1. Output yes when any residue across segment 75-85 is touching a strand residue (DSSP E or B) at 6+ places or on another chain (Cβ under 7 Å), surrounded by 19 or more Cβ atoms within 10 Å (Cβ to Cβ), in a helix (DSSP H, G or I) and in contact (Cβ under 8 Å) with a residue 12 or more places away in the chain, and no when none is.
2. Out of (1) surrounded by fewer than 18 Cβ atoms within 10 Å (Cβ to Cβ); (2) of a type outside the set (S, T, N, Q); (3) touching an Asp or Glu at 6+ places or on another chain (Cβ under 7 Å), what's the single condition that is false for R48?
3. Any residue in segment 33-43 that is in contact with a strand residue (DSSP E or B) (Cβ under 6 Å, 6 or more places away or on another chain), surrounded by fewer than 20 Cβ atoms within 10 Å (Cβ to Cβ) and among the polar types (S, T, N, Q)?
4. Within segment 35-47, identify whether any single residue is basic (K, R) and in a helix (DSSP H, G or I), and answer yes or no.
5. Using beta carbons and a limit of 7 Å, which pairs, at least six apart or on different chains, have the first residue in segment 1-14 and assigned to a loop (DSSP other than H, G, I, E, B) and the second one modelled with pLDDT of 80 or more and among the aromatic types (F, W, Y)?
6. Looking at A50, A56, A97, A111 in this structure, which one is assigned to a loop (DSSP other than H, G, I, E, B), among the hydrophobic types (A, V, I, L, M, F, W, C) and on the phi < 0 side of the Ramachandran plot?
Amino acid sequence: MAQQAEPAIRTVPMPSDANSNGDIFGGWVLSQMDIAGGTIAARRCRGRVATVAIDAMTFKRPIAVGDIVSIYGEVERVGRTSITVRLETIVQRRVLAEEISVTEGTFVYVAIDENGRSRPIDPEQAKRAGP
């Protein structure tokens with residue numbers, strides 16, 4: 001994935017985010033990716049969105065407490081009411097500058113109105129909104 005200049009989200013997991021093996025829970029990573037993807041989708045749709053599916057998810061390497069976690073994303077597809085965002089999680093270990101790809105996923109969101117019902121995405125606004 002061509003990384004944008006800035007990640008959609010950057011965070012550092014804490015000991016409370018780790019499992020009994022000392023690795024970060026997959027669910028924690030998944031929730032961070034959903035937050036990042038939702039931010040990208042909401043910006044593109046110019047409004048509220050809700051997660052409707054995770055089409056694909058791959059855990060490639062573990063994340064450790066104290067790693068710097070950056071999540072990058074790009075819009076793959078904009079439909080009538082839905083938007084698909086591909087996400088990649090990159091970490092930098094606490095003492096190393098090397099960036100390591102640890103997870104990838106494809107998340108699908110639906111644009112919603114103030115009542116929580118799906119709404120059409122304005123194709124012209126979606127084009128102008130950028131990544």
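The values are calculated or read from the model by the stated rules, or taken from the named source; none is laboratory data. As the structure is a prediction and not an experimental result, all values here were calculated from the model. Cβ: placed from backbone, ideal geometry, glycine included. Neighbour counts: every protein chain shown.
1. no
2. Of everything listed in (1) surrounded by fewer than 18 Cβ atoms within 10 Å (Cβ to Cβ); (2) of a type outside the set (S, T, N, Q); (3) touching an Asp or Glu at 6+ places or on another chain (Cβ under 7 Å), R48 misses just condition (3).
3. No, segment 33-43 contains no residue that is in contact with a strand residue (DSSP E or B) (Cβ under 6 Å, 6 or more places away or on another chain), surrounded by fewer than 20 Cβ atoms within 10 Å (Cβ to Cβ) and among the polar types (S, T, N, Q).
4. Looking through segment 35-47, at least one residue is basic (K, R) and in a helix (DSSP H, G or I).
5. Taking only residues 6 or more apart or on different chains, the pairs are M1/Y72; Q3/Y72; Q4/Y72; P7/Y72; A8/Y72; P13/W28.
6. Only one candidate passes the filter, namely A97.
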